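A.B. asks: Below are the structure tokens for one structure; questions will follow.
Each value in this text was obtained by applying a stated rule to the coordinates, not by laboratory testing. All figures in this text were calculated on a predicted structure; none of them were measured in a lab. Because the Cβ atoms are built from the backbone with ideal geometry, glycine has one as well, and the counts that use them run over all protein chains shown.
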Amino acid sequence: MSISGERTAARPTPPGPAFEAQKAAAANLSVASSVAVGYVTLLSLDEQLRVTQQTLTSREDAWHLAKRQFETGYTSRLELMQADSELRSTRAQIPPLQHQIAQQENALSVLLGDNPGAVKTRRVRPAYPAASAVAAAVHLAQPPSGHRSGRSPAGGRRRHAGLVAGAAAALY
């Protein structure tokens, strides 16, 4: 209370350097996690584009075959139109995938402190690609184990950094 009898709010003490260090570490961890998840997403999009391009090649071959069969009278116009529809549908899938890849590359570049642009990736063929990507994303999305078990946050950060490095190494 003040001298005049008015209530005054208790002033909170400013956070100390340990609190600021924890906030900085949490921010670094968040960025590292975002980079790792973004990279896995980029690899997934690259693979989707590769498969779609292979499918496009198959659809083009099927269209040429359907066209020859129609011209020789072996099949009806319906089969040719179906092959044409499948070809156009597959072609239409490529530009959105390319756009998503460009967006993901730009986001990763910005997270890494670079200007928006392409990100170099290496083609990887893990034994179980979907399982590997999911496992990496699950591990990276979980908070460091140090926070749940009462261990020091520094130990959790080291473990999380090890997970990020391990996931990145597995992707290369």
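A.B. asks: Along its three principal axes, how long is segment 17-115 when you only count alpha carbons? Whole Å, largest extent first please.
C.D. replies: Extents along the principal axes: 82, 19, 15 Å.
A.B. asks: Of the listed peptides 70-79, 99-108, 53-62, what is their order by residue-averaged count of other C-beta atoms within 10 Å, with the highest listed first?
C.D. replies: Details: 70-79: 11.6, 99-108: 16.6, 53-62: 14.2.
The peptides rank, most packed first, as 99-108, 53-62, 70-79.
A.B. asks: Let me ask another. Hey, quick one: spin label on R77, modelled 7 Å out along Cα-Cβ, who in segment 42-64 has an amide N within reach, i.e. under 13 Å?
C.D. replies: It comes to no residues whatsoever.
A.B. asks: Suppose the chain between Q93 and A24 were pulled fully straight at 0.36 nm per residue; how much longer would it get relative to their current alpha carbon spacing? Could you put the intermediate results ahead of the total?
C.D. replies: Values: separation 69, 0.36 × 69 = 24.84 nm, distance 4.13 nm.
So the chain would gain 20.7 nm between Q93 and A24.
A.B. asks: Just add up the charged neighbours of T75: K/R +1, D/E -1, any other residue whose Cβ is under 11 Å from the Cβ of T75.
C.D. replies: +1
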